[in-house]
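The values are calculated or read from the model by the stated rules, or taken from the named source; none is laboratory data. Predicted, not measured: the structure shown is a model, and the values here were computed from it. FYI the Cβ positions are ideal-geometry reconstructions off the backbone, even for glycines, and counts take in every protein chain you see. Quick note on the areas: whole protein, heavy atoms, side chains included, nothing else; ligands and nucleic acids left out. Shrake-Rupley method; radii C 1.70, N 1.55, O 1.52, S 1.80 Å.
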Amino acid sequence: MRILLTGGTGLIGHHLTCLLLSLSHSITILSRSPQKVYSLFSDRVECWTTLDDQSDLNDFDAVINLAGEPIVNKRWTPKQKTILCQSRWQLTERLSKLINASESPPSVFISGSAIGYYGNQGQSVVTENDPPHDEFSHQLCERWEQLALQAQSEKTRVCLLRTGIVLAKKGGALQKMLPMFRLGLGGAIGNGKQYIPWIHIDDMVNGIYYLLVSPELSGPFNMTSPYPIHNEQFSAILAKVLHRPSFVRIPAFVLKAMMGEAAELVLGGQQAIPKNLEEAGFGFRYFRLEEALQDILKTDDSVT
């Protein structure tokens, strides 16, 4: 396949590009940092810096859209909320318009979303069919998905990736957590009862590939492990894998003081399960968090 990919230098995009290249697909990455693209993939990919000079996407078999400003790196000021939304909405809308303008459009448009689509769901089990709680993360994701669905037609199916916490050694939430846990200072956040809908990076990229090559699949997919876990359980298992204690607890008010409204992403949660992906026949490799963390950290000197 010839594939146009946005977000190719991010955590998921990097791993996905490596998988696609290993399977001999032709990749064009859209990026404002071509030097970073070529430093990662050399001449094995083509790099575009803009879509402004494109009138259609006739030459592509698939489009995978993973771009977006990191959602928890900064406080959610009104300005930052606008940046978070527009970094996703504008590009997604542009891609949908180019697909619609194509006489021979890509057969599939796989577009990013997030488990934040559902908002804070407390202890309820959440599948793709369950209604969301209306808050900022839902509003961001809902519009993001609506713009992607504008590309849907008899010629193009659209798959929406409602992605959970992606676990990988380099990048993402785990990399931020590891320093404190290695010092024995990691622990639960708030009351620790909020669910963490996690997924191993290998299951994430393999799941995307499964959607790519399954022409009968479309719609939303929770990209999460079948077994989400409470925050306090997550902390205890990570500490165990690192052979460190886990006694520290971060009070909710401290996190709110540090992160403002964005703290709700950490203090809230979703017991989200990948109903649609499992029913479609995708086989997860990592069901148990401990096994997933052991695999990710197997080269860590502190893990025996």
Original post:
Take the residues of the stretch 81-115 that are in a helix (DSSP H, G or I) and open to solvent by less than 10 Å² (accessible area, probe 1.4 Å): which is modelled with the lowest pLDDT?
Top reply: Leu84
**OP:** Among the residues of the stretch 46-97, count how many are under 14 Å from Leu147 (Cβ atoms) and of a type outside the set (S, T, N, Q).
**Re:** 11
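Conditions (1) buried (at least 20 other Cβ atoms within 10 Å of the Cβ); (2) free of Cβ contacts under 8 Å to residues at least 12 places away in the same chain, marked per residue:
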position: Leu238; (1), (2): yes, no
position: Val241; (1), (2): yes, no
position: Val248; (1), (2): no, no
position: Gly260; (1), (2): no, no
position: Gln270; (1), (2): yes, no
position: Lys275; (1), (2): no, no
position: Glu279; (1), (2): no, yes
position: Gly283; (1), (2): no, yes
**OP:** Can you run down the residue pairs with Cβ atoms below 7 Å, 6 or more apart or on separate chains, where the first is in the stretch 174-202 and farther than 15 Å from Gly268 by Cβ and the partner is among the small types (Gly, Ala, Ser) and assigned to a helix (DSSP H, G or I)?
**Re:** Phe181/Ala239; Gly186/Ser235; Gly186/Ala239; Gly187/Ser235; His200/Ala292
Original post:
How many residues does the stretch 116-132 hold that are assigned to a loop (DSSP other than H, G, I, E, B) and farther than 16 Å from Ala263 by Cα?
Top reply: 8
Original post:
Name the residues in the stretch 10-35 that are assigned to a loop (DSSP other than H, G, I, E, B) and surrounded by 21 or more Cβ atoms within 10 Å (Cβ to Cβ), would you?
Top reply: Ser31
Subject >> Tabulated pairs, the stretch 56-78, first under 18 Å from Glu261 (Cβ atoms) and open to solvent by 50 Å² or more (accessible area, probe 1.4 Å), second assigned to a loop (DSSP other than H, G, I, E, B) and modelled with pLDDT under 95, C-beta under 9 angstrom, 6+ apart or interchain >> reply: Pro70/Gly10
Original post:
From the residues in the stretch 289-304 that are open to solvent by 30 Å² or more (accessible area, probe 1.4 Å) and modelled with pLDDT of 95 or more, which one is nearest to Asp134 (Cα to Cα)?
Top reply: Glu290
Original post:
Is it the case that the stretch 209-228 has a residue that's open to solvent by less than 40 Å² (accessible area, probe 1.4 Å), of a type in the set (A, V, I, L, M), out of contact with any Lys or Arg (no Cβ under 8 Å at 6 or more places or on another chain) and modelled with pLDDT of 95 or more?
Top reply: yes
